[in-house]
Amino acid sequence: MIGADDVSTILSSGIRLAVPLAFAACGEYLAERAGAMNISVEAMMLGAAFGSVATASATGSATTGLVAGVLIGLVIGFVHGNLSHRLEINTFVVGLVLNALVLGLTSYLITISSFESHQVSQVSIPWLRDIPLIGHPLFVERWPVYLLLVLVPLTWWLVERSRWGLELRAVGEQPQAADVTGIRVNLRRRQALLWCGALAGLGGAYLAVGEVGSFNQNMTAGRGYIVIAAVIFGAWRLRRTLIGCALFGLADAMRLALPALGLTMNSQLLVVAPYLLALLAMLLFANQNREPRALGQPFERGST
């Protein structure tokens, strides 16, 4: 029988597992609204996870490691954007190559490196932490979690209310028409990829120096692809995208919690459950909601 303490523990685990997805999903959502299908989000998260741990070990500061992870995500976003838009290489090929490159590079580097364990500090909010069931999961967390309180509304405002966001949505829907009005289509898409890189890097860094405190080979384990599935599940709307991240996080938490609670299930099924959920979400929602019309479509213009 699952008690209130068990439910609270599962919620805590679900939130911790959903937070890296939420950071990256905010970036991927913005990128896809601009028409930039960013397959390399997995590379951004994995590279940032490794870089954050290496930097934290070298400097003795987990916060510095977190910043380094954001910068690495930015670099990968910069590389992806320039290969796709300036050299006009297929964006899907670029994303897959970057994912494979970062996986191979970090797998090699971890075999020749030794890092000290560092984690960012935990914040416990008085009174609120004592709320039954949800107090500990929501109000006793590592401090980067609370950055979501700023980044989520900021991302929404940038896309839905700012002039820059209006131009982003224009290049994601009608890039030719946007170009006629003087908007530099590929520049806006590269800027969107930089935002995605920064937030995906923050998500990967948080996973490493926020929750785990170390780096393991392929520690993101396909979370970048789950982020893409969450955006599709969310019908390219930020609120629904974050709900998708929460569902995937809870599915992953259940995978870890059920055996500890003495509930016996097929172990292989538990491992693949989050990915099955992601696949099911795409099957159910991909054809029910309209993506940006120019999503993944290249725009070629010499001066962009």
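The values are calculated or read from the model by the stated rules, or taken from the named source; none is laboratory data. Everything numeric in this text was worked out from a predicted model, so none of it was measured. For neighbour counting, all protein chains shown are included, and Cβ atoms are generated from backbone atoms with ideal geometry for every residue, glycine included. When the accessible area is computed, the model is the full protein with side chains, heavy atoms only, and any ligands, DNA or RNA have been set aside. Shrake-Rupley method; radii C 1.70, N 1.55, O 1.52, S 1.80 Å.
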**Report entry** Scan of the stretch 162-191 for residues that are surrounded by 13 or more Cβ atoms within 10 Å (Cβ to Cβ), within 19 Å of Cys26 (Cα to Cα) and of a type in the set (S, T, N, Q), ordered by number
**Finding:** Gln191
**Report entry** Condition met for Ala43 (at pLDDT 95 or above, open to solvent by 10 Å² or more (accessible area, probe 1.4 Å) and hydrophobic (A, V, I, L, M, F, W, C))
**Finding:** no
Requested in this report: Please work out if Gly201 is modelled with pLDDT of 95 or more, buried (at least 17 other Cβ atoms within 10 Å of the Cβ) and not aromatic (Phe, Trp, Tyr).
Outcome: yes
Query raised in the report: Can Leu128 be described as surrounded by 12 or more Cβ atoms within 10 Å (Cβ to Cβ), more than 19 Å from Met45 (Cα to Cα) and touching a residue at least 24 places away in the same chain (Cβ under 8 Å)?
Result: no
Query raised in the report: Mind checking which pairs have a first residue in the stretch 280-302 that is more than 11 Å from Pro175 (Cα to Cα) and at pLDDT below 70 and a second that is of a type in the set (A, V, I, L, M) and assigned to a loop (DSSP other than H, G, I, E, B), Cβ under 6 Å, 6 or more apart or different chains?
Result: Asn289/Ala235
Requested in this report: Specify the residue that is surrounded by the most Cβ atoms within 10 Å (Cβ to Cβ); the eligible residues are those in the stretch 100-123 that are more than 20 Å from the chain's Cα centre (by Cα) and part of a loop (DSSP other than H, G, I, E, B).
Outcome: His118
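Condition check ((1) touching a His at 6+ places or on another chain (Cβ under 6 Å); (2) on the phi > 0 side of the Ramachandran plot; (3) surrounded by 17 or more Cβ atoms within 10 Å (Cβ to Cβ); (4) modelled with pLDDT of 95 or more) across all residues:
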{"site": "Ala54", "(1), (2), (3), (4)": "no, no, yes, yes"}
{"site": "Phe78", "(1), (2), (3), (4)": "no, no, no, yes"}
{"site": "Leu87", "(1), (2), (3), (4)": "no, no, no, no"}
{"site": "Phe92", "(1), (2), (3), (4)": "no, no, no, no"}
Requested in this report: Determine which member of the set Gly65, Gly69 is closer than 21 Å to Leu154 by Cα, at pLDDT 95 or above and out of contact with any Lys or Arg (no Cβ under 8 Å at 6 or more places or on another chain).
Outcome: Gly69
Report summary line: Filtering the stretch 133-159 for residues that are among the charged types (D, E, K, R) and either open to solvent by 50 Å² or more (accessible area, probe 1.4 Å) or within 17 Å of the chain's Cα centre (by Cα) (or both) leaves a count of 1
